[in-house]
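Rule-based calculations on the coordinates, nothing more; no lab input. Here the structure is a predicted model, which is why all the values come from computation and not from measurement. Here the Cβ is made from the backbone with ideal geometry for all residues, glycine too, and neighbour counts use every protein chain on show.
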Amino acid sequence: MTTPRLFGSLPGNGSASSHGADAERPLSELSLSFVPLAVVAEWTRCSEAADFVARYFAHDFGDRELAGNVLSTVVNELLENAVKFSSDKTVPARLIVREYAERMSIVSRNVTSPRQAAAFGDAVARLAHGDPEQMFADRIASPPETGGAGIGLIMLRKDYGAKVGVRVTPADGEGTAIVDVEVEIDNREVEGT
């Protein structure tokens, strides 16, 4: 197995799957496997799935409506990216949401080209160390011509103080890469406190 490359601002610079056996156990966990092609065929499935996941976890917060809105925004961004950047839309992608005492962890997994994966990882590395307000202003002033890590992840960092990490693992001999994207958000941001 090829060694994964890690990018971003999460502890250990990797995704939730990199936390060892001694890691904190989640209070709750929900996972979803989906075929990107089905979402492309009916794009509203993305927001419907995000809303479902958000409502599931919002019950654990004082302001359920606010928590649902924040979590839906985060989950929707990761679902959309997993669908848009899947190189083979027939290969199932995955979403895992974990609730911990002080944070939420949202992880998406999809396959993409090694070139796209490397570009995405580099963009997340810049996001981890850049000023999100300035990056947002720059992106609005000069949007990219096509694809790439865009304004959505910048907004998650800017608006919610989210930490973003990426693990890129080359798929042995397949000419693809497996991309795990994790967004961690403090539960105080979910509740707006």
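Taking the alpha-carbon distance from residue 163 and a cut-off under 16 Å, which aspartates and glutamates remain once sequence neighbours fewer than 8 residues away in the same chain are dropped? Excluding near neighbours in sequence, the set is 77, 99, 102, 122, 131, 133, 180, 182, 184, 186, 189. The packing ranking of peptides 71-77, 187-193, 25-31, highest mean first, is 71-77, 187-193, 25-31, where packing means the average number of other beta carbon atoms within 10 angstrom of each residue.
Screening the chain for whole DSSP H helices with an alpha carbon extent of at least 15 angstrom along the helix axis and a mean Kyte-Doolittle hydropathy of at least 0.0 yields 44-58, 64-84, 114-129. Each Lys and Arg adds +1 at its Cβ and each Asp and Glu adds -1 at its Cβ; summed about the Cα centre, the chain shows a dipole of about 420 debye. Candidates 72, 27, 112 compared by Cα position along the dipole of the chain: farthest toward the positive end lies 112, with charges placed on Cβ. If you bin all the Cα-Cα distances of the chain at 10 Å, starting from zero, the percentages per bin are 9, 37, 39, 14, 1. The packing ranking, built from the mean of other Cβ atoms within 10 Å per residue, places the peptides 59-69, 107-117 in the order 107-117, 59-69, highest first. Protection proxy ranking, highest mean first, for peptides 150-157, 48-55: 150-157, 48-55, where packing is the per-residue count of other beta-carbon atoms within 10 Å, averaged.
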